[in-house]
Amino acid sequence: MAKLEKAEIERRLSALPGWEFKDNAIRKQYRFKEFMDGIRFLNKVAEMAEAADHHPDVQINYTRVTFICSTHDEGGVTEKDLKLAAQIEEAYKSYAK
């Protein structure tokens, strides 16, 4: 899957509120009330990522979980990353209910 151009990435991110393009990857930080809320959400995303065979980098800082998506073998952001970001957003919507 081909690496996308910066303009295309930024255009597509307009449909994914809070996601940003930085350091050749897309990223978003989610905040939770409790540490375990973030861990449960991370586990939900991990299942989706495993099913898609496309795994984000993750940073956990107490009640904040940051997902960083980049297709390493393509050297940047591809369609896979944008699809995973959209899936994470959908999962968060259902999780936050």
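Details
- From the options GLU47, GLU8, GLU20, GLU74, residue that is under 15 Å from TYR95 (Cβ atoms) and among the charged types (D, E, K, R): GLU47
- Looking at segment 15-97, the strands (runs of 3 or more DSSP E) lying wholly inside it that each contain 3 or more residues that are open to solvent by less than 60 Å² (accessible area, probe 1.4 Å) and within 26 Å of ALA2 (Cβ to Cβ) sit at 25-31, 64-69.
The values are calculated or read from the model by the stated rules, or taken from the named source; none is laboratory data. Computed from a predicted structure; not experimentally measured. A quick note on method: Cβ atoms are made from the backbone with ideal geometry, for glycine too, and the neighbour counts reach across all protein chains shown. When the accessible area is computed, the model is the full protein with side chains, heavy atoms only, and any ligands, DNA or RNA have been set aside. Shrake-Rupley method; radii C 1.70, N 1.55, O 1.52, S 1.80 Å.
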